Amino acid sequence: MIGKTLVEILQEKNMTVSELGRKANISNQTLYSIIKRDNMKIDFAYLIRICEVLNVNVERFYKDYLEGQNTKAIKDTSRQELLSKYDKLNDIGKEKALCYIDDLLINDKYTKKTVEMPREEYYQVAAYGGELSECSQPPIEELTT
């Protein structure tokens, strides 16, 4: 996150927050707020001035975020591969692929398990502000099967 990265760079450069604030014309309060929040949101004009004073690229502050996006993309390769192969099919092939998927979806062996609340319990929960009484909760075995 930006705050953590800023602290690391300040330590590398042997610079204090006050010194950075003075050189970048940003109040110490604003800089401490950026450090404390340690999220990805920052006024871009501030970030540019900070980068100029510290002589670092803007990308340095987003390195962790970008690496996280790459990890997410790697996990999503199966979906991308499926879509890529689907896009290579003609209309007849696409229709047949959707039929195969429909066939897989009706077989419990190939679908994700979901726990559904019986309708009467759903209404009871809604009527009582979202809290289930002990007697209306399904046994643990039912939730895991």
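The values are calculated or read from the model by the stated rules, or taken from the named source; none is laboratory data. Quantities reported herein were computed from a predicted structural model and do not represent experimental measurements. In this analysis, Cβ positions are derived from the backbone assuming ideal geometry, glycine residues included, and neighbour counts consider all displayed protein chains.
For the reader, a short list of remarks on this structure follows.
- Residue within the stretch 2-24 that is hydrophobic (A, V, I, L, M, F, W, C), part of a loop (DSSP other than H, G, I, E, B) and either closer than 16 Å to Val58 by Cβ or not assigned by TED's automatic domain parsing to the domain that holds Glu59 (or both) present: no
- Residues considered: Ile50, Ile42. Of these, the only one that is surrounded by 12 or more Cβ atoms within 10 Å (Cβ to Cβ), assigned to a loop (DSSP other than H, G, I, E, B) and not small (Gly, Ala, Ser) is Ile42.
- Restricting attention to the stretch 80-97, the residues being at pLDDT 90 or above and among the hydrophobic types (A, V, I, L, M, F, W, C) number 1.
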